[in-house]
1. For helix 121-137, what angle does its Cα long axis make with the longest principal axis of the chain, in degrees from 0 to 90 and rounded to 10?
2. Once the Cα atoms of helix 197-209 and of the chain are each reduced to a long axis, what angle between those two axes, in degrees from 0 to 90 to the nearest 10, is obtained?
3. Please list Asp136, Asp89 from largest to smallest accessible area, probe radius 1.4 Å, with all protein chains kept in place.
4. If r is the Cβ-Cβ distance from Lys159 to Arg129 and R0 is 22 Å, what FRET efficiency results, to the nearest 0.05?
5. Between Leu20 and Glu74, what is 0.36 nm times their sequence separation minus the Cα-Cα distance? Round to one decimal in nm.
6. Which order do you get for Arg37, Arg99, Arg49 if you rank them by accessible area with a 1.4 Å probe, largest at the top?
7. Once the convex hull of the C-alpha atoms of the chain is built, how many Å³ does it hold per residue, rounded to a whole number?
8. Going from most exposed to least, what order do Tyr138, Tyr47 have by accessible area with a 1.4 Å probe?
Amino acid sequence: ARLFGQIGGDVHVLASDDELEHKLGTTLPSAHETSMRPAIQDLPEVYRRTYFENEWCLYTSRGCVFNCNFCLAEKGTPQHFRYESAFRDEVDYLVRMVRRYAGERPNYQVYLSTLDGLQDTDEMENLLRIIKETSDKYEITLLLRCLATAKMTVRAHDKDPQLLGRWYDYGLRCIGIGADGADKETWKRENKSHNSKIEVTRSLLVIEEAGIQPEAV
């Protein structure tokens, strides 16, 4: 209302998607089944150029089984991943825009939106595979990065020691481990007791051993 109130009757402030659906008299598809291609196509040329000459974020999933106090994302719920058809369509268009505006720049960065990239490894690996197949098709090198928890990273590695090596081959170059402190008191206060010093340290080591840059965030 503060931003657009002066415009007048053309602007309606809506509180939710449900209210928007009611106003439009229709049902909206979820973000998981929607490709961003039409929205990007409608961007003015100057904005597309600016966007694709820099790092961009790729929406992969929403949700996290953990419930950290400081996190404002959807938490305490399993991750919900994008529908494959919508994801493929979006990635295809995004990669072609990178090809157009950034050329074959080898250090083009893409941030994957997952809150914990190692929480659902089968789903995540499928998305990484799609990104790799698409970038190879257009002869573009994309360097991917994401967040993960120490516990799930160690658990995934112990279950499949080759996993992170494969993900490196898909283009994953950086994983930020959610340390968010370094002692039990801090983790307890922030409802992050799933962390331990041993697992944080070990997660950084197994990531580095796979050739991926580890970060503690």
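1. In the chain, helix 121-137 runs at an angle near 60 degrees to the longest axis.
2. 80 degrees
3. Numbers: Asp136 85, Asp89 55 Å².
Ranking Asp136, Asp89 by accessible area, largest first, yields Asp136, Asp89.
4. 0.75
5. Extending this stretch completely gives an extra 17.4 nm.
6. On the way: Arg37 45, Arg99 85, Arg49 105 Å².
Accessible-area ranking of Arg37, Arg99, Arg49, largest first: Arg49, Arg99, Arg37.
7. 150 Å³
8. Tyr47, Tyr138
The values are calculated or read from the model by the stated rules, or taken from the named source; none is laboratory data. Here the structure is a predicted model, which means the values were calculated and not measured. Heads up, the Cβs are rebuilt from the backbone with ideal geometry, glycines too, and the neighbour counts pull from every protein chain shown. In case anyone asks, the SASA skips ligands and DNA or RNA and just uses the protein heavy atoms, side chains included. Shrake-Rupley method; radii C 1.70, N 1.55, O 1.52, S 1.80 Å.
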